[in-house]
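Undergrad: Dropping the structure in here first, questions after.
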Amino acid sequence: MVHDVMPGTEEHLMEQMRVAYVGIDPTADSLHIGHLVGVMLLKHFQLSGHKPMALIGGATGMIGDPSGKSAERNLLDETTLRQNQEAIKEQLSRFLDFKSDAPNAAVLVNNYDWMKEFSFLSFIRDVGKHITVNYMMAKDSVKKRLSAESSEGMSFTEFTYQLVQGYDFLHLYREADCTLQMGGSDQWGNITTGTELVRRIEGGKAYAFTCPLITKADGTKFGKTEGGNVWLDANRTSPYKFYQYWLNVSDEDAEKYIKIFTFLSKDVISDLIKEHKEAPHLRLLQKKLAEEITISVHSKDELDKAIKASSILFGASTAEDLKELDVQTFLDVFDGVPQATISMDAIQEGVDVVAALNEYSGFLKSNGEARRALKENSIAINREKVAEGYVISDKDLINNQFVLLQRGKKNYFILSVN
C-alpha cells in the first residue's frame, strides 16, 4: 500500500499519537471501491493508535481536482454536498470509530466550513503569495493537462486547486495538530504543496504518504464494470453484485487485492496464496476476498444472502430459495435473461404452461415444441419440474412480480407481471 513517503514520516509516527487525514471527493452520495484504499489507510492508522480524519472536500468539490482528469467536472451546490457528506459519513462509520471516547476516535470535517468565509483577496494575500507560479507549474497534474494534445487547457479555477488543498493541510495543522496527509499517488503534488505551506507559513514540519493507484492486471480501470462504478451504497450496487465483482477478479488481482482490502494477517494471506496456487480452480483467494470485503462494507447477513443468491444459478436451489430474493437481487442474478410482460389478471385466472412457454413468452417457438419439452421432463417453473397440464397462478409469483421459466440447466426466461 506504500507508493511515496516523505523522509522522516515513519520516525514521526513512532514518536506518539499523530493525526492524519485523507481527502474524499463528495461529488456522489456514496463512496465507490476506488475510495476504499484511502479508507483502509485510515483504518490501519486508527488500529495503530493514531487519529484518523476524513476530510470531505465540500469546497474543493465545488472546484474540481485536475489530477488524473482530462476535463473539468461539474460543480455542485451546497445542499447536494451536505447530503452527500452525511451519506459518506454513514459508510465510513462501518470502518472507522467516530463515536468512542478514545483519544484517537475518528473525526469528519468539511473544508467548505473554513473556506466559505475566506474572501478571494484574503486568500491570494495570505496564502497565494507564499507559493510561486513556477512551483505550481512544475506539478505533474498541471504539466500533463497543459501538454495533452486533446486538452483545452486548464481554467484558473482548476489551477488554484492545489493551493486550496494545500491550505486545508495548513488549516488542519493549525487547528487539529494534523501532521500527515495520505492519498493516492496522483495526489503527491497537491499534498506536498500543503507540506510546503506549513513549512513556509508556520515554520512547521508536515508529512506526505501516498499509496499506489489500484489497477487491474488486464489494464482496465479498477472498480469499473459495464454498468459503471462499483458503489458501497446497496441501492447503487446490490450486495450480490458487489460480492460477484470480487469473486470474479483474476488470480493475479485477487493476490494483490487481498493484501489491500482485508485485515487478514500476513501469515493467513501467505497460506491462502499457497493453497490457491495448489488448486486455482477452487478460487479460494477470490472467495475469501469477496467474503471479507462484503462483510466490511455490508454485513454478514448480506454476505450470506449474496452467497445463497450466487448458488441459485449453479446449485440445487428451490422455489423457496427464489422467493427469498428481493427484487433487485433477483434481477441481478438473472441479469441478461430475456423477459416478457404478462398481466396480473391473466396470472390470477391461471395460465396453462404450454401457453406460457410459447404464446405469452416466445421462450419456445411453438406449442408442439413446448409439449415435447414437457414430455422430456426438461421444463421447470421457479426451479421445480412441471408436466403438461400445469397451470401457473399467483401462487407461483416471486416477489408478487416474476415467474421463472427454465428449459434444461441453463436456458431461462422471466415472465414479468404488471
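The numbers here are math on the coordinates, done by the rules we state, and not lab data. Here the structure is a predicted model, which is why all the values come from computation and not from measurement. Glycine also receives a Cβ, built like all others from the backbone with ideal geometry; neighbour counts cover every protein chain displayed.
Undergrad: In sequence order, what are the phi-derived ³J(HN,Hα) couplings for the stretch 193-209 according to the Karplus relation 6.51 cos²θ - 1.76 cosθ + 1.60 with θ = phi - 60°, rounded to whole Hz, with x for glycine and proline?
TA: With coefficients 6.51, -1.76 and 1.60, one gets 4, x, 5, 5, 5, 4, 5, 6, 8, 9, x, x, 10, 10, 10, 10, 9 Hz.
Undergrad: Work out the FRET efficiency for residue 132 and residue 176 from their Cβ-Cβ distance, taking R0 = 35 Å, and round it to the nearest 0.05. Please list the in-between numbers first.
TA: On the way: r = 28 Å, r/R0 = 0.79.
So the FRET efficiency works out to roughly 0.80.
Undergrad: While we're here: Which entries of 241/409; 300/323; 216/323; 99/221; 116/221 have Cα-Cα distances beyond 26 Å here? Write down the numbers at each step before the final one.
TA: On the way: 241/409 22 Å; 300/323 20 Å; 216/323 36 Å; 99/221 35 Å; 116/221 35 Å.
With Cα atoms farther than 26 Å apart: 216/323; 99/221; 116/221.
Undergrad: Okay, moving on. Provide the per-residue ³J(HN,Hα) series for the stretch 239-248, in order, calculated from phi with Karplus coefficients 6.51, -1.76, 1.60 and θ = phi - 60°, each as a whole number of Hz, with x at glycine and proline positions.
TA: For the stretch 239-248, the Karplus curve yields x, 5, 5, 4, 4, 5, 4, 6, 5, 9 Hz.
Undergrad: Please compute, for the alpha-carbon atoms of the stretch 211-302, the extent along each of the three principal axes and give them in descending order in Å.
TA: If we take the Cα atoms of the stretch 211-302, the spans are 37, 33, 29 Å.
Undergrad: Right, something else. Return the FRET efficiency for the residue pair residue 105, residue 310: r is the Cβ-Cβ distance, R0 is 56 Å, and the value is rounded to the nearest 0.05. Numbers along the way, then the final one.
TA: On the way: r = 37 Å, r/R0 = 0.66.
That gives a FRET efficiency of 0.90.
Undergrad: In addition: If you place +1 on the Cβ of every Lys and Arg and -1 on the Cβ of every Asp and Glu, how big does the dipole about the Cα centre of the stretch 84-178 come out, in debye to the nearest 20?
TA: Details: 11 positive and 14 negative charges, 64 e Å.
Computed charge dipole of the stretch 84-178: roughly 300 debye.
Undergrad: A further question follows. Would you mind telling me which residue in 281, 298, 35 has the biggest mean-square fluctuation in a Gaussian network model of the chain, where springs connect alpha carbons within a distance under 10 angstrom?
TA: Taking springs between Cα atoms under 10 Å, the residue moving most is 281.
Undergrad: What FRET efficiency comes out for the pair residue 346/residue 320, r = Cβ-Cβ distance, R0 = 35 Å, nearest 0.05?
TA: Values: r = 24 Å, r/R0 = 0.70.
The value I calculate is 0.90.
Undergrad: While we're on this one: Take every DSSP beta bridge with both residues inside the chain and express the antiparallel ones as a percent of the total, to the nearest 5.
TA: Antiparallel bridges: around 45 percent, rounded to the nearest 5.
Undergrad: Under a 5 Å amide H to amide H cut-off, with H placed in plane at 1.01 Å, what residues pair with residue 225 once short-range neighbours are removed?
TA: Correct list: 230.
Undergrad: Restricting attention to the alpha-carbon atoms of the stretch 266-418, what are Rg (one decimal) and Dmax (integer), both in Å?
TA: Rg, Dmax (Cα atoms, Å): 19.2, 62.
Undergrad: With the convex hull built on the Cα atoms of the stretch 99-141, state its orientation-averaged projected area in nm². The partial results should precede the final answer.
TA: Numbers: hull surface 22.2 nm².
So the mean shadow area of the Cα hull is 5.6 nm².
Undergrad: If I build a Gaussian network model for the chain, linking alpha-carbon pairs within less than 10 angstrom, which residue out of 76, 146, 163 has the largest mean-square fluctuation?
TA: Sorting by GNM fluctuation, first place goes to 146.
Undergrad: At 7 Å along the Cα-to-beta-carbon direction for both residue 77 and residue 147, put a label point, then send me their distance in nm to one decimal.
TA: About 4.1 nm, to one decimal.
Undergrad: Non-local amide H neighbours of residue 98 (under 5 Å, H modeled in plane, Pro and chain starts lacking H): which ones?
TA: 106
Undergrad: Given 167, 187, 148, which one lies farthest toward the positive end of the charge dipole of the stretch 145-193, if we put +1 on the Cβ of every Lys and Arg and -1 on the Cβ of every Asp and Glu?
TA: Going by the charge dipole, the pick is 167.
Undergrad: Can you list residues whose amide H is under 5 Å from residue 56's amide H, if they're 5+ apart or on another chain and H is modeled 1.01 Å from N?
TA: Hits under the 5 Å cutoff: 24, 109, 110, 111.
Undergrad: Whole-Hz ³J(HN,Hα) for each residue in the stretch 355-362, computed from phi via Karplus 6.51 cos²θ - 1.76 cosθ + 1.60 with θ = phi - 60°, x for glycine and proline: what do you get?
TA: 5, 5, 6, 10, 4, 7, 10, x
Undergrad: Could you order the peptides 341-354, 6-19 from most to least packed, using the average number of other C-beta atoms within 10 Å per residue? Provide the component values of the computation, followed by the final result.
TA: Working: 341-354: 15.2, 6-19: 13.1.
Packing proxy ranking, top to bottom: 341-354, 6-19.
Undergrad: So, one more: Of 379, 124, 260, which has the largest mean-square fluctuation in a 10 Å C-alpha GNM of the chain?
TA: Looking only at 379, 124, 260, the biggest GNM fluctuation is shown by 124.
Undergrad: If you don't mind, another one. Which lysines does residue 129 reach when only Cα atoms under 17 Å apart count, and residues fewer than 8 places away in its own chain are ignored?
TA: Here the lysines satisfying the reach criterion relative to residue 129 do not exist.
Undergrad: Magnitude of the Cβ-charge dipole of the chain, K/R +1 and D/E -1, about the Cα centre, nearest 20 debye? The partial results should precede the final answer.
TA: On the way: 47 positive and 59 negative charges, 151 e Å.
That gives a dipole near 720 debye.
Undergrad: How would you order 100-107, 362-369 from highest to lowest mean count of nearby Cβ atoms within 10 Å? Let's see the in-between values first.
TA: Values: 100-107: 13.1, 362-369: 14.6.
Ranked by mean Cβ neighbours within 10 Å, highest first: 362-369, 100-107.
Undergrad: Using packing as a proxy for protection, rank 125-131, 322-328 so that the peptide with the highest average count of other Cβ atoms within 10 Å comes first.
TA: Working: 125-131: 14.4, 322-328: 16.7.
Per-residue mean Cβ counts within 10 Å order the peptides as 322-328, 125-131.
Undergrad: I would also like to ask the following. How large is the helix-only mean residue ellipticity at 222 nm for the chain, computed as the sum of -39500 (n - 2.57) over DSSP H runs with n ≥ 4, divided by its residue count, in deg cm²/dmol to the nearest 500?
TA: That comes out to -12000 deg cm²/dmol.
Undergrad: For the chain, what mean projected area does the convex hull of the alpha carbons give, in nm²? List each step's numbers first, then the result.
TA: Values: hull surface 103.2 nm².
Seen from a random direction, the Cα hull of the chain projects 25.8 nm² on average.
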